[in-house]
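Working notes, structure below.
The values are calculated or read from the model by the stated rules, or taken from the named source; none is laboratory data. Everything numeric here is computed off the predicted structure, so don't read it as measured data. Positions of Cβ are generated from backbone atoms using ideal geometry, with glycine treated the same way; all protein chains shown enter the neighbour counts. Just the protein is used for accessible areas: all its heavy atoms, side chains included, with ligands, DNA and RNA removed. Shrake-Rupley method; radii C 1.70, N 1.55, O 1.52, S 1.80 Å.
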Amino acid sequence: MEKFDVIIVGAGLAGLAAAYTLAGEGLEVLVLERGDYPGAKNVTGGRLYLNPVRELFPDLWKKAPLERFISHEGVTIMSRERSVTINYEGDELRQEPYQSYSILRARFDRWLAKQAERKGAMLVDKTRVDDLIKVDGRVSGVVAGGDELYADVVIACDGVLSLVAEKAGLRQPGKPEDYAVGFKEIIELDQKLINERFGLEGNEGLARMFMGEVTRGKFGGGFLYTNKDSISLGIVVGIKDLMQGQPAVQAPLLLDEFKQRPEIAVLIRGGETVEYSAHAIPEGGYQAMSKLFGDGILLAGDAAGFSMNIGVTVRGMEYALASGYYAAQAVLAAKKAEDFSARGLAVYQELLGQSFVMEDFKNFQKAPHALENPRLFQHYPEMLGNMMRDIYAVPAGPKNRLYPTIKQYLGFSELWSMLGDARKVMKI
Amino acid sequence: MSEILGLKAKLGLDVFKADKEAHIKIRPGMEKDARLKRAVLVCPAGLYSENSEGAVEFTIDGCLECGTCRLACGTEVLEWNYPGGGSGVQFRFG
(Lines give C-alpha, C1' and ligand atoms only; values in the text may rest on other atoms or scores of the structure.)
Protein backbone atom coordinates (compact mmCIF):
# COMPACT_ATOMS: atom_id res chain seq x y z
CA MET A 1 0.00 0.00 0.00
CA GLU A 2 1.43 3.33 -1.07
CA LYS A 3 1.10 5.93 1.65
CA PHE A 4 2.15 9.56 1.57
CA ASP A 5 1.95 12.31 4.14
CA VAL A 6 -0.09 14.45 1.75
CA ILE A 7 -1.71 13.92 -1.64
CA ILE A 8 -2.45 17.07 -3.59
CA VAL A 9 -4.97 16.89 -6.42
CA GLY A 10 -4.09 19.33 -9.18
CA ALA A 11 -0.84 21.10 -10.09
CA GLY A 12 -2.22 24.62 -10.32
CA LEU A 13 -1.11 27.52 -8.18
CA ALA A 14 -2.85 26.33 -5.00
CA GLY A 15 -1.62 22.77 -5.31
CA LEU A 16 1.92 23.74 -6.19
CA ALA A 17 2.09 26.37 -3.43
CA ALA A 18 1.00 23.71 -0.94
CA ALA A 19 3.45 21.17 -2.35
CA TYR A 20 6.33 23.65 -2.32
CA THR A 21 5.65 24.59 1.29
CA LEU A 22 5.08 21.06 2.59
CA ALA A 23 8.01 19.52 0.75
CA GLY A 24 10.17 22.33 2.11
CA GLU A 25 9.27 21.10 5.60
CA GLY A 26 10.31 17.58 4.71
CA LEU A 27 6.90 15.97 4.25
CA GLU A 28 6.30 13.28 1.64
CA VAL A 29 4.09 14.99 -0.88
CA LEU A 30 2.50 13.55 -4.02
CA VAL A 31 0.97 15.94 -6.56
CA LEU A 32 -1.38 14.39 -9.12
CA GLU A 33 -2.01 16.33 -12.33
CA ARG A 34 -4.34 15.22 -15.12
CA GLY A 35 -2.65 17.31 -17.83
CA ASP A 36 0.45 16.37 -19.78
CA TYR A 37 2.37 18.81 -17.58
CA PRO A 38 1.54 21.30 -14.83
CA GLY A 39 -0.30 24.22 -16.40
CA ALA A 40 -1.63 22.21 -19.35
CA LYS A 41 -5.20 22.70 -18.11
CA ASN A 42 -4.79 26.08 -16.46
CA VAL A 43 -5.91 29.42 -17.80
CA THR A 44 -5.71 32.98 -16.55
CA GLY A 45 -6.53 36.38 -18.04
CA GLY A 46 -4.20 37.36 -16.64
CA ARG A 47 -2.08 39.03 -14.19
CA LEU A 48 -0.65 38.16 -10.83
CA TYR A 49 -0.47 40.69 -8.00
CA LEU A 50 2.66 39.96 -6.02
CA ASN A 51 2.32 42.11 -2.90
CA PRO A 52 -0.08 39.80 -1.02
CA VAL A 53 2.05 36.69 -1.60
CA ARG A 54 5.60 38.01 -1.84
CA GLU A 55 6.53 37.18 1.73
CA LEU A 56 4.86 33.75 1.73
CA PHE A 57 7.40 32.52 -0.82
CA PRO A 58 10.39 34.86 -0.36
CA ASP A 59 12.84 32.87 -2.49
CA LEU A 60 10.53 32.33 -5.39
CA TRP A 61 10.06 35.55 -7.27
CA LYS A 62 13.52 36.54 -8.46
CA LYS A 63 13.70 33.85 -11.11
CA ALA A 64 9.99 33.35 -11.74
CA PRO A 65 9.06 33.31 -15.44
CA LEU A 66 6.61 36.19 -15.26
CA GLU A 67 5.91 38.13 -18.43
CA ARG A 68 5.93 41.93 -17.97
CA PHE A 69 5.50 44.14 -14.90
CA ILE A 70 2.41 46.28 -15.31
CA SER A 71 3.37 49.93 -15.59
CA HIS A 72 0.39 51.10 -17.62
CA GLU A 73 -3.14 50.63 -16.33
CA GLY A 74 -6.26 51.56 -18.20
CA VAL A 75 -9.99 51.13 -18.40
CA THR A 76 -12.08 51.63 -21.52
CA ILE A 77 -15.79 52.25 -21.43
CA MET A 78 -17.21 51.02 -24.70
CA SER A 79 -20.44 51.91 -26.34
CA ARG A 80 -21.51 50.96 -29.82
CA GLU A 81 -19.61 53.43 -31.91
CA ARG A 82 -17.20 55.04 -29.52
CA SER A 83 -15.13 54.35 -26.46
CA VAL A 84 -13.70 56.41 -23.64
CA THR A 85 -10.42 55.35 -22.05
CA ILE A 86 -8.86 56.42 -18.80
CA ASN A 87 -5.17 55.67 -18.49
CA TYR A 88 -3.15 55.51 -15.32
CA GLU A 89 0.59 55.56 -15.75
CA GLY A 90 3.66 57.32 -14.48
CA ASP A 91 6.86 56.78 -12.57
CA GLU A 92 5.22 55.46 -9.43
CA LEU A 93 4.15 52.37 -11.36
CA ARG A 94 7.75 51.84 -12.43
CA GLN A 95 9.11 51.62 -8.89
CA GLU A 96 10.30 48.27 -7.58
CA PRO A 97 8.93 46.14 -6.12
CA TYR A 98 6.42 46.01 -8.96
CA GLN A 99 2.85 45.44 -7.93
CA SER A 100 1.70 43.08 -10.65
CA TYR A 101 2.88 41.09 -13.64
CA SER A 102 1.24 39.61 -16.70
CA ILE A 103 1.56 35.85 -16.69
CA LEU A 104 1.04 32.78 -18.88
CA ARG A 105 0.14 29.79 -16.80
CA ALA A 106 1.48 26.95 -18.90
CA ARG A 107 4.94 28.51 -18.54
CA PHE A 108 4.66 29.63 -14.96
CA ASP A 109 3.04 26.52 -13.51
CA ARG A 110 5.57 24.23 -15.12
CA TRP A 111 8.36 26.27 -13.56
CA LEU A 112 6.67 26.38 -10.15
CA ALA A 113 6.25 22.60 -10.26
CA LYS A 114 10.01 22.29 -10.81
CA GLN A 115 10.65 24.40 -7.72
CA ALA A 116 8.33 22.15 -5.69
CA GLU A 117 10.08 19.06 -7.06
CA ARG A 118 13.43 20.55 -6.11
CA LYS A 119 12.14 20.79 -2.54
CA GLY A 120 11.34 17.09 -2.71
CA ALA A 121 7.71 16.93 -3.82
CA MET A 122 6.80 14.09 -6.16
CA LEU A 123 4.78 15.05 -9.19
CA VAL A 124 2.89 12.62 -11.39
CA ASP A 125 1.23 14.07 -14.48
CA LYS A 126 -1.21 12.54 -17.02
CA THR A 127 -3.12 11.14 -14.05
CA ARG A 128 -6.72 11.94 -13.23
CA VAL A 129 -8.06 11.38 -9.74
CA ASP A 130 -11.23 9.34 -10.15
CA ASP A 131 -12.38 8.94 -6.58
CA LEU A 132 -11.62 9.43 -2.93
CA ILE A 133 -10.91 6.58 -0.57
CA LYS A 134 -12.89 6.94 2.62
CA VAL A 135 -12.26 4.86 5.72
CA ASP A 136 -14.91 5.22 8.42
CA GLY A 137 -16.20 8.31 6.62
CA ARG A 138 -12.80 9.96 6.73
CA VAL A 139 -10.89 10.80 3.52
CA SER A 140 -7.82 8.56 3.51
CA GLY A 141 -6.56 8.70 -0.06
CA VAL A 142 -7.46 8.75 -3.73
CA VAL A 143 -8.08 6.40 -6.59
CA ALA A 144 -6.07 7.49 -9.63
CA GLY A 145 -5.06 5.61 -12.74
CA GLY A 146 -6.49 2.43 -11.25
CA ASP A 147 -4.24 2.66 -8.17
CA GLU A 148 -5.24 3.26 -4.59
CA LEU A 149 -3.00 5.87 -3.02
CA TYR A 150 -3.21 6.69 0.67
CA ALA A 151 -2.32 9.78 2.68
CA ASP A 152 -2.93 11.44 6.03
CA VAL A 153 -4.49 14.37 4.21
CA VAL A 154 -5.75 15.09 0.72
CA ILE A 155 -5.66 18.70 -0.45
CA ALA A 156 -8.17 19.23 -3.26
CA CYS A 157 -6.79 21.87 -5.62
CA ASP A 158 -8.63 20.55 -8.63
CA GLY A 159 -9.99 23.85 -9.78
CA VAL A 160 -13.24 25.69 -10.22
CA LEU A 161 -15.57 22.66 -10.49
CA SER A 162 -13.72 20.62 -7.85
CA LEU A 163 -15.27 17.23 -8.47
CA VAL A 164 -13.08 16.01 -5.60
CA ALA A 165 -14.79 18.38 -3.15
CA GLU A 166 -18.16 17.11 -4.40
CA LYS A 167 -17.07 13.53 -3.81
CA ALA A 168 -15.99 14.52 -0.32
CA GLY A 169 -19.46 15.97 0.29
CA LEU A 170 -18.03 19.42 0.96
CA ARG A 171 -19.86 21.12 -1.90
CA GLN A 172 -22.65 20.77 -4.44
CA PRO A 173 -22.34 21.43 -8.17
CA GLY A 174 -22.05 25.21 -8.65
CA LYS A 175 -24.85 27.55 -9.67
CA PRO A 176 -24.52 29.68 -12.81
CA GLU A 177 -25.03 32.96 -10.93
CA ASP A 178 -21.88 32.33 -8.91
CA TYR A 179 -19.58 31.87 -11.90
CA ALA A 180 -18.29 33.63 -14.97
CA VAL A 181 -16.60 32.25 -18.03
CA GLY A 182 -13.43 33.73 -19.45
CA PHE A 183 -12.14 33.03 -22.94
CA LYS A 184 -9.15 34.52 -24.67
CA GLU A 185 -6.72 34.41 -27.53
CA ILE A 186 -2.97 34.54 -27.26
CA ILE A 187 -1.85 36.75 -30.12
CA GLU A 188 1.85 36.67 -30.88
CA LEU A 189 3.50 39.97 -31.70
CA ASP A 190 7.12 40.96 -31.87
CA GLN A 191 8.46 42.24 -28.55
CA LYS A 192 9.75 45.49 -30.08
CA LEU A 193 6.47 46.07 -31.87
CA ILE A 194 4.55 45.65 -28.61
CA ASN A 195 6.76 48.24 -26.95
CA GLU A 196 6.35 50.73 -29.77
CA ARG A 197 2.63 50.16 -30.16
CA PHE A 198 1.78 50.50 -26.48
CA GLY A 199 4.43 53.06 -25.55
CA LEU A 200 6.37 50.69 -23.32
CA GLU A 201 10.08 50.52 -22.45
CA GLY A 202 11.99 47.32 -21.80
CA ASN A 203 9.89 44.95 -19.73
CA GLU A 204 7.11 47.39 -18.95
CA GLY A 205 3.64 46.05 -19.56
CA LEU A 206 0.12 47.27 -20.09
CA ALA A 207 -3.17 46.07 -18.66
CA ARG A 208 -6.50 47.34 -19.86
CA MET A 209 -10.05 46.45 -18.89
CA PHE A 210 -13.05 47.06 -21.13
CA MET A 211 -16.67 47.34 -20.16
CA GLY A 212 -20.00 48.02 -21.80
CA GLU A 213 -20.65 47.00 -25.38
CA VAL A 214 -17.80 44.50 -25.25
CA THR A 215 -20.17 42.10 -23.47
CA ARG A 216 -23.28 43.61 -25.09
CA GLY A 217 -24.08 45.01 -21.71
CA LYS A 218 -23.90 41.68 -19.90
CA PHE A 219 -22.18 41.35 -16.56
CA GLY A 220 -18.47 41.21 -17.30
CA GLY A 221 -15.87 42.88 -19.46
CA GLY A 222 -12.94 42.52 -21.77
CA PHE A 223 -9.24 42.50 -21.01
CA LEU A 224 -5.95 43.07 -22.75
CA TYR A 225 -2.58 42.25 -21.23
CA THR A 226 0.80 42.54 -22.87
CA ASN A 227 3.07 39.55 -22.36
CA LYS A 228 6.73 39.47 -23.42
CA ASP A 229 6.01 38.65 -27.05
CA SER A 230 2.27 38.21 -27.16
CA ILE A 231 -1.00 39.80 -26.17
CA SER A 232 -3.69 38.14 -24.07
CA LEU A 233 -7.02 39.40 -25.36
CA GLY A 234 -10.24 38.07 -23.97
CA ILE A 235 -13.61 38.44 -22.34
CA VAL A 236 -15.10 37.47 -19.00
CA VAL A 237 -18.88 37.28 -18.78
CA GLY A 238 -21.28 36.08 -16.10
CA ILE A 239 -22.68 32.66 -16.97
CA LYS A 240 -26.19 33.47 -15.80
CA ASP A 241 -26.35 36.64 -17.91
CA LEU A 242 -24.95 34.80 -20.89
CA MET A 243 -27.32 31.85 -20.72
CA GLN A 244 -30.42 33.98 -20.21
CA GLY A 245 -29.61 35.49 -23.57
CA GLN A 246 -31.11 38.98 -23.51
CA PRO A 247 -29.82 39.75 -26.05
CA ALA A 248 -28.99 36.20 -27.11
CA VAL A 249 -25.40 35.96 -28.19
CA GLN A 250 -23.05 33.01 -28.41
CA ALA A 251 -19.97 33.53 -26.28
CA PRO A 252 -17.39 33.11 -29.05
CA LEU A 253 -19.04 35.84 -31.10
CA LEU A 254 -18.38 38.40 -28.35
CA LEU A 255 -14.64 37.90 -28.73
CA ASP A 256 -14.82 38.11 -32.51
CA GLU A 257 -16.73 41.37 -32.27
CA PHE A 258 -14.27 42.66 -29.71
CA LYS A 259 -11.35 41.93 -32.03
CA GLN A 260 -13.10 43.72 -34.87
CA ARG A 261 -13.61 46.93 -32.93
CA PRO A 262 -11.39 49.50 -34.65
CA GLU A 263 -9.91 50.48 -31.26
CA ILE A 264 -8.73 46.89 -30.78
CA ALA A 265 -7.99 45.92 -34.38
CA VAL A 266 -5.12 48.40 -34.58
CA LEU A 267 -3.60 47.04 -31.39
CA ILE A 268 -3.45 43.43 -32.59
CA ARG A 269 -2.73 44.17 -36.24
CA GLY A 270 -0.06 41.87 -37.70
CA GLY A 271 -0.29 39.56 -34.72
CA GLU A 272 -0.84 35.85 -35.05
CA THR A 273 -3.31 34.01 -32.86
CA VAL A 274 -1.53 30.94 -31.48
CA GLU A 275 -3.96 29.65 -28.86
CA TYR A 276 -7.59 29.90 -27.84
CA SER A 277 -8.47 28.99 -24.28
CA ALA A 278 -11.37 29.25 -21.85
CA HIS A 279 -12.13 28.64 -18.21
CA ALA A 280 -14.93 29.09 -15.72
CA ILE A 281 -14.19 31.47 -12.82
CA PRO A 282 -15.72 31.46 -9.32
CA GLU A 283 -17.21 34.89 -8.70
CA GLY A 284 -19.77 34.22 -5.99
CA GLY A 285 -17.48 35.54 -3.28
CA TYR A 286 -17.90 34.95 0.42
CA GLN A 287 -21.59 34.03 0.27
CA ALA A 288 -21.01 31.26 -2.27
CA MET A 289 -18.07 29.74 -0.46
CA SER A 290 -18.33 26.07 0.47
CA LYS A 291 -16.99 24.28 3.51
CA LEU A 292 -13.20 24.47 3.34
CA PHE A 293 -12.23 21.27 5.13
CA GLY A 294 -13.46 17.92 6.35
CA ASP A 295 -12.03 14.78 7.91
CA GLY A 296 -8.75 14.22 6.09
CA ILE A 297 -9.34 16.82 3.41
CA LEU A 298 -8.76 20.51 2.68
CA LEU A 299 -9.83 22.65 -0.28
CA ALA A 300 -7.67 25.43 -1.74
CA GLY A 301 -7.66 27.79 -4.71
CA ASP A 302 -10.57 27.88 -7.15
CA ALA A 303 -11.78 24.57 -5.66
CA ALA A 304 -12.54 26.54 -2.49
CA GLY A 305 -14.10 29.41 -4.47
CA PHE A 306 -11.15 31.75 -3.85
CA SER A 307 -11.54 34.16 -6.72
CA MET A 308 -13.14 37.55 -6.73
CA ASN A 309 -14.46 40.17 -9.09
CA ILE A 310 -14.73 43.65 -7.64
CA GLY A 311 -15.23 45.36 -10.99
CA VAL A 312 -11.85 47.02 -11.44
CA THR A 313 -9.89 43.88 -10.65
CA VAL A 314 -10.63 40.19 -11.01
CA ARG A 315 -8.27 38.29 -8.78
CA GLY A 316 -7.80 34.61 -8.09
CA MET A 317 -4.19 33.62 -8.39
CA GLU A 318 -2.97 35.34 -5.22
CA TYR A 319 -5.75 33.63 -3.29
CA ALA A 320 -4.78 30.32 -4.84
CA LEU A 321 -1.13 30.72 -3.86
CA ALA A 322 -1.98 31.94 -0.37
CA SER A 323 -4.65 29.34 0.35
CA GLY A 324 -2.24 26.63 -0.82
CA TYR A 325 0.32 28.02 1.58
CA TYR A 326 -2.12 28.14 4.50
CA ALA A 327 -3.44 24.67 3.69
CA ALA A 328 0.16 23.50 4.01
CA GLN A 329 0.54 25.31 7.34
CA ALA A 330 -2.68 23.67 8.55
CA VAL A 331 -1.36 20.25 7.58
CA LEU A 332 1.87 20.94 9.48
CA ALA A 333 -0.11 21.93 12.56
CA ALA A 334 -2.36 18.87 12.24
CA LYS A 335 0.69 16.65 11.91
CA LYS A 336 2.18 18.09 15.06
CA ALA A 337 -1.06 17.43 16.91
CA GLU A 338 -1.42 14.05 15.16
CA ASP A 339 -5.00 14.88 14.36
CA PHE A 340 -6.05 14.93 10.72
CA SER A 341 -9.76 14.95 11.47
CA ALA A 342 -11.86 17.99 10.65
CA ARG A 343 -11.15 19.21 14.17
CA GLY A 344 -7.40 19.00 13.66
CA LEU A 345 -7.62 20.66 10.26
CA ALA A 346 -9.93 23.46 11.42
CA VAL A 347 -6.79 25.54 12.01
CA TYR A 348 -6.93 26.11 8.22
CA GLN A 349 -10.00 28.29 8.63
CA GLU A 350 -8.28 30.20 11.45
CA LEU A 351 -5.13 30.78 9.41
CA LEU A 352 -7.14 31.99 6.44
CA GLY A 353 -9.22 34.15 8.75
CA GLN A 354 -6.10 35.94 9.98
CA SER A 355 -4.82 36.45 6.43
CA PHE A 356 -5.70 38.83 3.60
CA VAL A 357 -7.66 36.00 1.96
CA MET A 358 -10.66 35.95 4.29
CA GLU A 359 -10.31 39.64 5.08
CA ASP A 360 -10.76 40.38 1.37
CA PHE A 361 -13.65 37.98 0.97
CA LYS A 362 -15.45 39.40 3.97
CA ASN A 363 -14.75 43.02 3.00
CA PHE A 364 -16.00 42.47 -0.53
CA GLN A 365 -18.87 40.13 0.23
CA LYS A 366 -21.39 42.61 -1.10
CA ALA A 367 -19.50 43.16 -4.37
CA PRO A 368 -21.11 40.36 -6.41
CA HIS A 369 -24.59 41.67 -5.61
CA ALA A 370 -23.65 45.32 -6.12
CA LEU A 371 -22.17 44.57 -9.53
CA GLU A 372 -25.23 42.60 -10.57
CA ASN A 373 -26.67 45.78 -12.03
CA PRO A 374 -27.25 45.87 -15.78
CA ARG A 375 -27.15 49.69 -15.77
CA LEU A 376 -23.42 49.50 -14.97
CA PHE A 377 -22.74 47.54 -18.15
CA GLN A 378 -25.35 49.06 -20.49
CA HIS A 379 -26.71 52.42 -19.52
CA TYR A 380 -23.67 54.21 -18.10
CA PRO A 381 -21.20 53.20 -20.83
CA GLU A 382 -23.70 54.41 -23.45
CA MET A 383 -24.39 57.65 -21.58
CA LEU A 384 -20.71 58.43 -21.01
CA GLY A 385 -20.03 57.87 -24.71
CA ASN A 386 -22.87 60.19 -25.67
CA MET A 387 -21.62 62.89 -23.32
CA MET A 388 -18.12 62.69 -24.74
CA ARG A 389 -19.50 62.91 -28.28
CA ASP A 390 -21.48 66.04 -27.46
CA ILE A 391 -18.67 67.67 -25.52
CA TYR A 392 -16.20 67.14 -28.34
CA ALA A 393 -18.56 67.82 -31.24
CA VAL A 394 -18.10 71.10 -33.09
CA PRO A 395 -21.16 71.66 -35.27
CA ALA A 396 -21.35 73.85 -38.36
CA GLY A 397 -23.42 76.34 -36.40
CA PRO A 398 -22.90 77.64 -32.86
CA LYS A 399 -21.83 75.18 -30.17
CA ASN A 400 -23.95 74.72 -27.08
CA ARG A 401 -22.41 75.69 -23.74
CA LEU A 402 -20.73 72.81 -21.90
CA TYR A 403 -22.85 72.83 -18.79
CA PRO A 404 -26.19 72.47 -20.62
CA THR A 405 -24.57 69.87 -22.88
CA ILE A 406 -23.85 67.68 -19.87
CA LYS A 407 -26.95 68.62 -17.96
CA GLN A 408 -29.30 67.29 -20.65
CA TYR A 409 -28.14 63.79 -19.68
CA LEU A 410 -28.59 64.39 -15.98
CA GLY A 411 -32.26 65.07 -15.49
CA PHE A 412 -33.96 64.51 -12.16
CA SER A 413 -34.92 60.88 -12.76
CA GLU A 414 -31.43 60.07 -14.06
CA LEU A 415 -29.78 61.64 -11.02
CA TRP A 416 -32.19 59.79 -8.77
CA SER A 417 -31.32 56.45 -10.40
CA MET A 418 -27.63 57.31 -10.23
CA LEU A 419 -27.94 57.94 -6.54
CA GLY A 420 -29.56 54.54 -6.08
CA ASP A 421 -26.85 52.82 -8.13
CA ALA A 422 -24.14 54.73 -6.28
CA ARG A 423 -25.50 53.52 -2.95
CA LYS A 424 -25.20 49.93 -4.17
CA VAL A 425 -21.74 50.45 -5.63
CA MET A 426 -20.66 52.07 -2.37
CA LYS A 427 -21.07 48.68 -0.72
CA ILE A 428 -18.10 47.37 -2.71
CA MET B 1 -3.25 36.42 -38.62
CA SER B 2 -5.09 38.17 -35.93
CA GLU B 3 -8.04 38.50 -38.31
CA ILE B 4 -11.25 36.72 -37.53
CA LEU B 5 -10.67 33.01 -37.68
CA GLY B 6 -13.57 30.64 -37.83
CA LEU B 7 -14.11 28.91 -34.51
CA LYS B 8 -12.96 25.61 -35.98
CA ALA B 9 -9.74 27.20 -37.21
CA LYS B 10 -9.25 28.83 -33.82
CA LEU B 11 -9.69 25.53 -32.00
CA GLY B 12 -7.37 24.00 -34.57
CA LEU B 13 -4.56 26.10 -33.07
CA ASP B 14 -4.85 24.24 -29.78
CA VAL B 15 -3.22 20.96 -28.90
CA PHE B 16 -5.76 18.21 -28.24
CA LYS B 17 -5.13 14.60 -27.34
CA ALA B 18 -7.96 12.18 -28.02
CA ASP B 19 -9.64 10.41 -25.10
CA LYS B 20 -11.05 6.88 -25.16
CA GLU B 21 -14.60 8.17 -24.85
CA ALA B 22 -16.39 11.50 -24.63
CA HIS B 23 -15.99 12.99 -21.15
CA ILE B 24 -19.21 14.96 -21.47
CA LYS B 25 -22.47 13.34 -22.56
CA ILE B 26 -26.02 14.57 -22.84
CA ARG B 27 -28.05 12.33 -20.57
CA PRO B 28 -30.46 10.18 -22.62
CA GLY B 29 -33.84 11.87 -23.10
CA MET B 30 -32.48 15.33 -22.19
CA GLU B 31 -31.73 16.46 -25.76
CA LYS B 32 -34.69 18.84 -25.82
CA ASP B 33 -34.46 19.97 -22.19
CA ALA B 34 -34.63 23.76 -21.84
CA ARG B 35 -31.60 23.73 -19.53
CA LEU B 36 -29.49 22.12 -22.23
CA LYS B 37 -30.22 24.95 -24.66
CA ARG B 38 -28.20 27.28 -22.42
CA ALA B 39 -25.09 25.43 -23.54
CA VAL B 40 -25.58 26.70 -27.10
CA LEU B 41 -24.99 30.26 -25.87
CA VAL B 42 -22.41 29.73 -23.15
CA CYS B 43 -19.94 27.25 -24.68
CA PRO B 44 -16.84 29.25 -25.69
CA ALA B 45 -15.95 26.52 -28.19
CA GLY B 46 -19.40 26.51 -29.78
CA LEU B 47 -19.71 22.74 -29.40
CA TYR B 48 -23.47 22.74 -28.79
CA SER B 49 -26.04 23.51 -31.47
CA GLU B 50 -29.80 23.18 -31.76
CA ASN B 51 -31.13 21.26 -34.76
CA SER B 52 -34.37 21.89 -36.65
CA GLU B 53 -36.26 19.52 -34.36
CA GLY B 54 -35.32 21.52 -31.29
CA ALA B 55 -32.89 18.94 -29.99
CA VAL B 56 -29.40 19.99 -28.89
CA GLU B 57 -26.49 18.26 -30.57
CA PHE B 58 -23.03 18.15 -29.13
CA THR B 59 -19.54 17.27 -30.24
CA ILE B 60 -16.68 16.77 -27.82
CA ASP B 61 -13.95 17.68 -30.33
CA GLY B 62 -12.50 21.02 -29.35
CA CYS B 63 -13.67 20.95 -25.73
CA LEU B 64 -11.60 23.44 -23.71
CA GLU B 65 -12.67 21.80 -20.41
CA CYS B 66 -13.74 25.17 -19.04
CA GLY B 67 -16.68 23.71 -17.11
CA THR B 68 -19.18 26.34 -18.22
CA CYS B 69 -21.76 23.89 -19.63
CA ARG B 70 -21.79 21.94 -16.37
CA LEU B 71 -22.45 25.16 -14.43
CA ALA B 72 -25.08 26.46 -16.85
CA CYS B 73 -27.02 23.24 -17.55
CA GLY B 74 -26.43 21.20 -14.42
CA THR B 75 -25.64 17.56 -13.84
CA GLU B 76 -29.20 16.33 -14.36
CA VAL B 77 -28.80 17.21 -18.00
CA LEU B 78 -25.13 16.51 -18.59
CA GLU B 79 -23.00 13.60 -17.52
CA TRP B 80 -19.80 15.47 -16.93
CA ASN B 81 -16.27 14.40 -16.11
CA TYR B 82 -12.82 15.58 -17.02
CA PRO B 83 -11.06 13.60 -19.74
CA GLY B 84 -8.76 10.82 -18.67
CA GLY B 85 -5.21 11.64 -17.58
CA GLY B 86 -3.03 12.91 -20.41
CA SER B 87 -5.92 13.50 -22.80
CA GLY B 88 -7.98 16.48 -23.84
CA VAL B 89 -6.71 19.99 -24.39
CA GLN B 90 -3.08 20.77 -23.47
CA PHE B 91 -2.55 24.51 -23.23
CA ARG B 92 0.89 25.73 -24.26
CA PHE B 93 0.33 29.29 -23.04
CA GLY B 94 -2.72 29.30 -20.76
> Accessible area of A:F69, 1.4 Å probe, to the nearest 10 Å²?
Replying inline: 20 Å²
> Taking a 1.4 Å probe, which of A:L332, A:L254 shows the most accessible area, and what order do the others take after it?
Replying inline: A:L332, A:L254
>> Per residue of segment A:116-125, what does 6.51 cos²θ - 1.76 cosθ + 1.60 with θ = phi - 60° give for ³J(HN,Hα)? Whole Hz please, x for Gly and Pro, Karplus curve as stated.
In response: 5, 5, 4, 6, x, 6, 9, 10, 10, 9
> Taking a quarter of the surface of the Cα convex hull of segment A:146-272, what do you get in nm²?
Replying inline: 11.7 nm²
> When you count, for each residue, the other Cβ atoms within 10 Å and take the mean per peptide, how do A:28-38, A:8-18 rank with the highest first?
Replying inline: A:8-18, A:28-38
> Over the heavy atoms of B:R70, what accessible area does a 1.4 Å probe trace out, to the nearest 10 Å²?
Replying inline: 20 Å²
> Any residues in segment B:17-66 that have 50 Å² or more less accessible area with all protein chains than in their chain alone, probe 1.4 Å, and which are they?
Replying inline: B:L41, B:V42, B:P44, B:C66
>> Roughly how large is the A-B contact in terms of buried accessible area, totalled over both chains, probe 1.4 Å, nearest 100 Å²?
In response: 4200 Å²
>> Taking 0.36 nm per residue of sequence separation and subtracting the Cα-Cα distance, how much length would be gained by fully extending the chain between A:Y150 and A:E372, in nm to one decimal?
In response: 75.6 nm
> So which residues in segment A:22-54 end up with at least 50 square angstrom less accessible surface once the other protein chains are there, compared with the chain by itself, probe 1.4 angstrom?
Replying inline: A:R34, A:D36, A:K41
> So how do A:F223, B:F16 rank on accessible area, 1.4 Å probe, biggest first, that is with the largest at the start?
Replying inline: B:F16, A:F223
>> Over segment A:80-195, with the other protein chains present, what is the accessible area per residue in square angstrom, probe 1.4 angstrom?
In response: 47 Å²
> For segment A:1-141, what is the Kirkwood hydrodynamic radius in Å, using each pair of distinct C-alpha atoms?
Replying inline: 17.4 Å
> How large is ³J(HN,Hα) for each residue in segment A:387-400, as worked out from phi by the Karplus curve 6.51 cos²θ - 1.76 cosθ + 1.60 (θ = phi - 60°), to whole Hz, x for Gly and Pro?
Replying inline: 4, 4, 4, 6, 5, 8, 5, 10, x, 5, x, x, 8, 5
>> Could you compute Rg(Cα) / (2.2 N^0.38 Å) for chain B, with N its residue count?
In response: 1.11
> Once you put a point 7 Å from the Cα of A:T85 and another 7 Å from the Cα of A:Q244, both along the Cβ direction, what distance in nm separates them?
Replying inline: 3.2 nm
> Angle between the Cα long axis of helix A:317-337 and the longest principal axis of chain A, 0 to 90 degrees, nearest 10?
Replying inline: 20 degrees
> Taking 0.36 nm per intervening residue step and subtracting the Cα-Cα distance, what contour gain separates B:K20 from B:S52 on full extension?
Replying inline: 8.5 nm
> Tell me, what is the percent relative contact order of chain A, built from C-alpha pairs under 8 Å that lie six or more residues apart?
Replying inline: 20 percent
>> Beyond a 25 Å Cα-Cα separation, which of these cross-linked pairs lie in this structure: A:K184/B:K32; A:K126/B:K20; A:K218/B:K37; A:K175/A:K362; A:K184/B:K37; A:K175/A:K335?
In response: A:K184/B:K32; A:K175/A:K335
